[in-house]
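S.K.: Before anything else, here's the structure in question.
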Amino acid sequence: MSKPLVVFDKVQKHFGSFVAVKELDFEIREGEFLAIMGPSGCGKTTTLRMLAGLEAPSIGEIRLNDRVMNDVAPHERDTPLVWQSLALFPFLTARENVEFGLKMRGVDKAERKERALKWLDKMGILEFENRHISTLSGGQKQRVALARSLVMEPQILLLDEPLSALDAHLVIRMQAVLTDLQRELGITFVYVTHSQSEAFAMADRVIIMGKGEIAQIGTPKDIYRAPANQFVAEFVGRNNILSGKVASVDGNTARITTASGDFTVPTNEVLLIEGHKASFVISADLVHITLEEPEAGNKAYCKLISEEFVGSMVTLFLEDAQGHEFKVQMQERELSKIDPHSGDEIWLSWDTQSAHVLNEG
Amino acid sequence: MKQNRSLNFVLGIYVLLIFAFVFAPIIFSMIFSFNSQRFPTIPLGEFSTEWYAKVLADPDVWEAALNSLIVSCSTALIATFLGFCTAYSDFRYNFRFKGPYLALILLPPTIPLIIMALAMLAWFSKIGMSGQLYSIIIAHSVLTAPFAMAVIRLRLNQMDPDLEAAAWNLGGSEWQTMRHVIVPFCKPAIFSSLFLTAAVSFDEFAVSWFVSGLNKTLPVIVLEIVQGNIDPQVNAIGTFVFLISMTLVVLAQLFFASRQMKSIKL
């Protein structure tokens, strides 16, 4: 494990009586791509702004390279931010925008120009050097904003939902640009987003925040396959969540009784007590469908409500007799072998090991 | 479609009539300034530049013109500076009594000029500052600063609030950010405000007349000439003042318009 670059030490942020950040206690490692993800109002942007010095923590300490940053003014930090609004200077040309930070730091004119041109070139927008910002397209502006921050050659780059204003096809392209850049430069990226696909596609580690707290920290795979709690499971979305009571515990597996039936789940070191409430999730892509009833194992009989196509992937929305919703995700060509129609009743089944018990509730 | 056309026609006539109503007296004054006859009667006499020659030969008028120039330029600078500061404080900070603070700043234009002028005179004589050229400058600055603030505030409201923080984030101190971001962003509004406040000050009569003492501005000297006798010199000066004011207002509008255009593109 590489050494921590940034430490959030029991950080809280209050705005009057409103608590934006309840308690943050985590580290950002050197050279990692960290995504902070959560619904709007979860405190993710406040967290980033505290790192940039635009907000001061109310309680706790933020350390960068072992230096306490709480009272360091924003302009004395080296934490450039790529803004959601981009915040490019509209009265300057693309190159002047990129030169801005160097100018503030007193870098002489010739060097400023050279470094700005190098970065415009690197971002593939050298030809727009003298264009005014208002004449650039969304993707070009995005690259100017990135160049403007990266020309400072920082140790850490902060990004606040930088792709939210772009068209879908541009988002995918910019994701590739960002991951390549991060790998090439080897600097730390802290990327705030509400988009799961952006976070999972780019980040080494993801922090899921909810209501001013960290709900889970882990790799995208951890979070997707093994959500720590109901909040994360629901936020990640492509999950079936079943809640009920523990009927019996037998070594590494347990039996959970839900309204939709009895199911066997692996305990995964979660303490399950007979008679207590328990919930578990099965990722939608780990559920199989069949027309005939499977012989044994975990199964549910459902009616198909609707289908949603995204390219070659299909998501089926189903409902069992108790009205509980199930989601199944599969390849379109696999589905066409069975070819169910809305209103058809089919069987769902999954391997015991596919299920994941949640820590709470 | 046809109905629309006739409606447009009626509205066009209406606009023309309004312009005629507003500008007819000024146009008449311009015409009479080139009229050889002493009294403004129709039929007109011959074309003549006699009155202009007379005005140009009058040292009092020259002095008044110089005074007007000094007053309007100084007023424009001071009022725009004050307006910029108040507009920025409104944009940047939230504080208690901000509502009353803004209301107070916007108050001067709502006070009847004659009351304002009297109050200024009383106050200036009390503190021994009346009858000077700078008395007019101070009074005019108070009078026009609200216009400057309104124009600049409009511009600041168009600014992405992240822009300032972005400059800090890139290593700009507060002063550097003011110089390299806020002022350049407000530049069109600042020019617009300079021209607008200069125009208001150049035209203003009541306050100037009360506080000026012996330092007459152009509008004051016009009254003085009219009081003595009927003299078409007034028309000549009036034409000159009108042209200067119109030029300033048009310039202010041009900057204002270019700013609107830019904000649409942003």
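The values are calculated or read from the model by the stated rules, or taken from the named source; none is laboratory data. A quick note: this is a predicted structure, and the numbers were derived from the prediction, not measured. Glycine also receives a Cβ, built like all others from the backbone with ideal geometry; neighbour counts cover every protein chain displayed.
S.K.: More than 10 Å from chain B (Cβ to nearest Cβ) and in contact with a strand residue (DSSP E or B) (Cβ under 7 Å, 6 or more places away or on another chain): is that true of residue A:58 in this structure?
M.R.: yes
S.K.: OK, next. Just one of the numbered conditions (1) at pLDDT below 85; (2) more than 30 Å from residue B:135 (Cα to Cα); (3) part of a helix (DSSP H, G or I) is not true of residue B:45; which one?
M.R.: The one condition residue B:45 does not meet is (3).
S.K.: On to the next question. Of the residues in the range A:11-22, how many are closer than 13 Å to residue A:50 by Cα and charged (D, E, K, R)?
M.R.: So the answer is 1.
S.K.: Could I ask something else about it? Looking at the range A:1-50, which of the residues that are assigned to a helix (DSSP H, G or I) and under 18 Å from the mean Cα position of the chain (by Cα) is surrounded by the most Cβ atoms within 10 Å (Cβ to Cβ)?
M.R.: Filtering first and then ranking leaves A:47.
S.K.: Let me ask something else about it. All but one of (1) more than 14 Å from every other protein chain (Cβ to nearest Cβ); (2) in contact with a Pro (Cβ under 7 Å, 6 or more places away or on another chain); (3) without any contact (Cβ under 8 Å) to a residue 40 or more places away in the chain hold for residue B:143; which doesn't?
M.R.: (3)
S.K.: Scan the range B:149-156 and tell me whether some residue there is assigned to a helix (DSSP H, G or I), within 14 Å of chain A (Cβ to nearest Cβ) and out of contact with any strand residue (DSSP E or B) (no Cβ under 7 Å at 6 or more places or on another chain).
M.R.: Yes, the range B:149-156 contains a residue that is assigned to a helix (DSSP H, G or I), within 14 Å of chain A (Cβ to nearest Cβ) and out of contact with any strand residue (DSSP E or B) (no Cβ under 7 Å at 6 or more places or on another chain).
S.K.: Taking residue B:68, is it touching a Ser or Thr at 6+ places or on another chain (Cβ under 9 Å) and either closer than 25 Å to residue B:200 by Cα or free of Cβ contacts under 8 Å to residues at least 24 places away in the same chain (or both)?
M.R.: Considered against the rule, which asks whether it is touching a Ser or Thr at 6+ places or on another chain (Cβ under 9 Å) and either closer than 25 Å to residue B:200 by Cα or free of Cβ contacts under 8 Å to residues at least 24 places away in the same chain (or both), residue B:68 comes out as yes.
S.K.: Which of the residues belonging to the range A:155-191 are touching a strand residue (DSSP E or B) at 6+ places or on another chain (Cβ under 9 Å) and within 14 Å of chain B (Cβ to nearest Cβ)?
M.R.: A:156, A:157, A:158, A:159, A:160, A:161, A:162, A:164, A:190
S.K.: Turning to a different aspect of this structure: Cβ-Cβ under 7 Å, sequence separation 6+ or interchain: first residue in the range A:64-91 and more than 25 Å from residue A:140 (Cβ to Cβ) and facing chain B (nearest Cβ under 7 Å), partner among the small types (Gly, Ala, Ser) and in a loop (DSSP other than H, G, I, E, B). Which pairs?
M.R.: Matching pairs, first to second residue: A:74/A:53; A:75/B:171; A:75/B:172; A:75/B:173.
S.K.: Looking at the range A:92-124, which of the residues that are part of a loop (DSSP other than H, G, I, E, B) and closer than 26 Å to residue B:187 by Cβ is farthest from the other protein chains (Cβ to nearest Cβ)?
M.R.: A:108
S.K.: Within the set of pairs 6+ apart or on separate chains, which have a first residue in the range A:301-318 that is closer than 16 Å to residue A:290 by Cα, a second that is acidic (Asp, Glu) and outside any strand (DSSP E or B), and C-beta atoms under 7 Å apart?
M.R.: These pairs meet every condition: A:304/A:344; A:314/A:332.
S.K.: Taking the residues in the range A:125-137 that are within 13 Å of chain B (Cβ to nearest Cβ) and assigned to a helix (DSSP H, G or I) as candidates, determine which candidate is nearest to residue A:97 (Cα to Cα).
M.R.: Residue satisfying both the conditions and the ranking: A:133.
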